[in-house]
Structure formats: structure tokens, C-alpha cells
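Report on the following structure.
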Amino acid sequence: MISFELGVEDLADTRFALSPLYETVLSLRVLREPGLSALHLPWRRSVLGALDALDGLDTELLMSVVAVRRTLPDFLTPRPASFAPSFEEELATVGRTPPDLVRRDLLATHAPDPLPAPLLAAHAPDDGPVIALRDALCALLRRYWEAAVRPMWPRMRLLLEADMTYRARQLAMGGARLLFADIHPNLRWHDGVLHIGQMVSRHRVVASGRGLLLVPSVFAHKPAPPVSPEEAPTLAYPSRGVATLWVREPVAGTAALVSLLGAPKARLLGLLDEPLPTVELARRLGVTASAVSQHLGVLYATGLVSRARDGRQVLYRRSPLGDELSGRGRPG
């Protein structure tokens, strides 16, 4: 178990961030181990084809960063310095990692197993081979990002932003206890300490004013804190709604409802079991946000949906009348 001890100031400094580099590195687990998540099999099939078309991609070195126990080097997932850094900004941070830190993280990631052959340069007493290894990994990650993750990043980002909107609502409704309990069963909040279960490592990190950074992730299959206890409290966690990412939602509603409202509005009404912003609805339906706004305007005017502002976004949800018309009960 890994534990984060969070003081009052750390809770006040709890924030969210998006990280394209986190997604890129975490996706390597799914690529190496398809049984880890059946949800990602459509993505994996398409990516394998894209990678085969790349000349000179050293997949052996790329996949060697994933340890047998599925841990990943901390230096490849640096703590995002802003809410939504670009991939290039994050990769530049990796490229500035001191050689001693590269050694530490690669050895800690694969312990107690020996380093894989492609990473043996980390044992070199001189810094030159370690720097060369770091730079080679950066170059590989850039090519991999371009082929495997960047084409889907706009859709992924919308899903991750929708998750953060939901988490902020949970925090407002039930505080830290509800927030962490709802993220994943492996998380437990008790007496100022966030406990992360089912971890290979065993250590306790005192935040000491560094706050807690939460990073929603499409490819994280469970909460993923840093391997090293020296890193600031950061937690990548599985985002909600991943099952909707690679396949489109089926058409909702009965034939009668479609005849009454039209297929687009009936399908939109079927998605509103929970509050969702326009951008997320547009992503799920594969249409423009302006088209969704038009349909929502009609549904709102007829009392079939309700709406509420949450920061800069307006969230829509089926009204009781919409529940009755669509024949769907509201989740508890």
C-alpha cells in the first residue's frame, strides 16, 4: 500500500491536470498486455497497424520501459506543471532529467528483476550512455505519440475534461471522502491520509505543502501513483466513460420516441442519465457542438431536459418528464 498524508493546505491545493504524456506512456501497458483491458482492443488493433508502417521504430526499447509488474519509470511521467501542458512541453521536461534520476527510476521500476537488455546502459558509471538512453527514449516516445495517441487526443481530452467536471461535483457534494471513494475501490480516505491499495510498493509520502495532483487517464486500469516515495503526491486514475471512447453509443429510444422527437433528439435524450456538457455529448454522438446545442434548446424548451451552470460549462440532464417519456428511470 502507498499512502499520501495530506494536511489542510494540501487538500486546499488538490487540483486536476491533463497529461498527453501520461496517456502515451500508460498506453504502453495496454499495447504490451492486451488482456489488461478489453475496452482498448479496437484502439490496440489500429495502433499495431500504424506502428508496423513506421520504419526503424525500436519497439523493443520502447516496450522495455514497462516492467514485469507493470510499473513505469517516474521520469517518463513528470508531474504536469500546468493544467494542460502540451506533449512537447512535457517531453522537454523528460529530456532535462538528470542522469542520476534516470538511473534511479529505471532500476526502481524493474526491481527486483534485472534491467532488460535494451536498458542496460543505465548501469554505466559514466553519464554519457545514460544521457544517450534518455534521449533515445524521448525520440521514440515522440514518434509513438504521433502514430498511436495524437490522432485520438482531441476525443480523449473531451472525455477527460468531462470526468474532471464530474469529480469537481463530487467534491462539492461530499468533500474529499466522496471524491476518493468514487474514483476507484483501491482508494480509501481516512483521518487525513489517502491510502492506495493493491500496490507493489509499500511507503508513506508526507505531502508537506506540495498538494495533491489528480490526473484522469484513459489508459490507467487502476490508480497509479509514482514509484518513488521522493516524488510529490500525484495520482493518475481511470477516467469515467472510457467504454464510450472507441465505439459510438447505440441509438436510444423506441420507434415511437424516434417518431415523436426525431432520431437525433431521441438519441440525445437517451444519453442524459447524468449531467453532461455540450462538448461531451457532441463527442459521443460524433457531431458538432452547435448541432447538439440546437437539439438541446428544443428539449429544454419542451421541459424534457434541465440545465445548470457549473463554472464555465452548462450541464444538461433529462428531466423527470424526459425520464417518463423515454421510459428510463434515473440512476440513484
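The values are calculated or read from the model by the stated rules, or taken from the named source; none is laboratory data. Quick caveat: nothing in here was measured; it's all calculated off a predicted structure. Ideal geometry is used to build each Cβ from the backbone, glycine not excepted, and the neighbour counts take in all protein chains shown. Heavy atoms of the whole protein, side chains included, go into the accessibility calculation; ligands, DNA and RNA do not. Shrake-Rupley method; radii C 1.70, N 1.55, O 1.52, S 1.80 Å.
Looking at VAL287, VAL215, VAL292 in this structure, which one is under 18 Å from the mean Cα position of the chain (by Cα) and either closer than 28 Å to LEU158 by Cα or of a type in the set (Asp, Glu) (or both)? Answer to the selection: VAL215.
One line per residue, one yes/no per condition, for (1) under 18 Å from SER228 (Cα atoms); (2) at pLDDT 95 or above:
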position	(1), (2)
GLU33	no, no
HIS40	no, no
VAL65	yes, yes
ARG69	yes, no
PRO129	no, yes
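Evaluating LEU107 against the criteria (1) over 19 Å from TYR237 (Cα atoms); (2) without any contact (Cβ under 8 Å) to a residue 60 or more places away in the chain; (3) surrounded by 21 or more Cβ atoms within 10 Å (Cβ to Cβ) leaves one unmet condition, (3). Here TYR166 meets the list (1) open to solvent by 20 Å² or more (accessible area, probe 1.4 Å); (2) more than 26 Å from THR288 (Cα to Cα) almost entirely, failing just condition (2). Quickly run through segment 291-312 and pick out the residues that are assigned to a helix (DSSP H, G or I) and either farther than 15 Å from PRO275 by Cβ or open to solvent by less than 60 Å² (accessible area, probe 1.4 Å) (or both). Within segment 291-312, ALA291, VAL292, SER293, GLN294, HIS295, LEU296, GLY297, VAL298, LEU299, ALA301 qualify. For segment 12-42, give me each residue that is free of Cβ contacts under 8 Å to residues at least 60 places away in the same chain and not in a helix (DSSP H, G or I). Scanning segment 12-42 gives a single hit, GLU33.
Residues in segment 43-55 that are under 22 Å from PRO118 (Cα atoms) and assigned to a helix (DSSP H, G or I): LEU48, LEU51, ASP52.
Residues that are more than 22 Å from ARG69 (Cα to Cα) and within 30 Å of the chain's Cα centre (by Cα) were ranked within segment 110-132; the one that is surrounded by the fewest Cβ atoms within 10 Å (Cβ to Cβ) is ALA132.
Looking only at segment 56-88, which residues are touching a Ser or Thr at 6+ places or on another chain (Cβ under 8 Å) and either surrounded by fewer than 16 Cβ atoms within 10 Å (Cβ to Cβ) or not in a loop (DSSP other than H, G, I, E, B) (or both)? Once the filter is applied, which keeps residues that are touching a Ser or Thr at 6+ places or on another chain (Cβ under 8 Å) and either surrounded by fewer than 16 Cβ atoms within 10 Å (Cβ to Cβ) or not in a loop (DSSP other than H, G, I, E, B) (or both), segment 56-88 yields ASP74, PHE75, ALA81, PHE87.
Note on segment 187-208: residues that are touching a Ser or Thr at 6+ places or on another chain (Cβ under 9 Å) and under 19 Å from ALA220 (Cβ atoms) total 6.
Taken as a whole, segment 188-201 holds at least one residue that is free of Cβ contacts under 8 Å to residues at least 60 places away in the same chain, open to solvent by 50 Å² or more (accessible area, probe 1.4 Å) and among the basic types (Lys, Arg).
The requirement of being part of a helix (DSSP H, G or I) and under 27 Å from GLY49 (Cβ atoms) is not satisfied by ALA121.
Assess whether LEU269 counts as being assigned to a helix (DSSP H, G or I), free of Cβ contacts under 8 Å to residues at least 40 places away in the same chain and surrounded by 15 or more Cβ atoms within 10 Å (Cβ to Cβ). Considered against the rule, which asks whether it is assigned to a helix (DSSP H, G or I), free of Cβ contacts under 8 Å to residues at least 40 places away in the same chain and surrounded by 15 or more Cβ atoms within 10 Å (Cβ to Cβ), LEU269 comes out as no.
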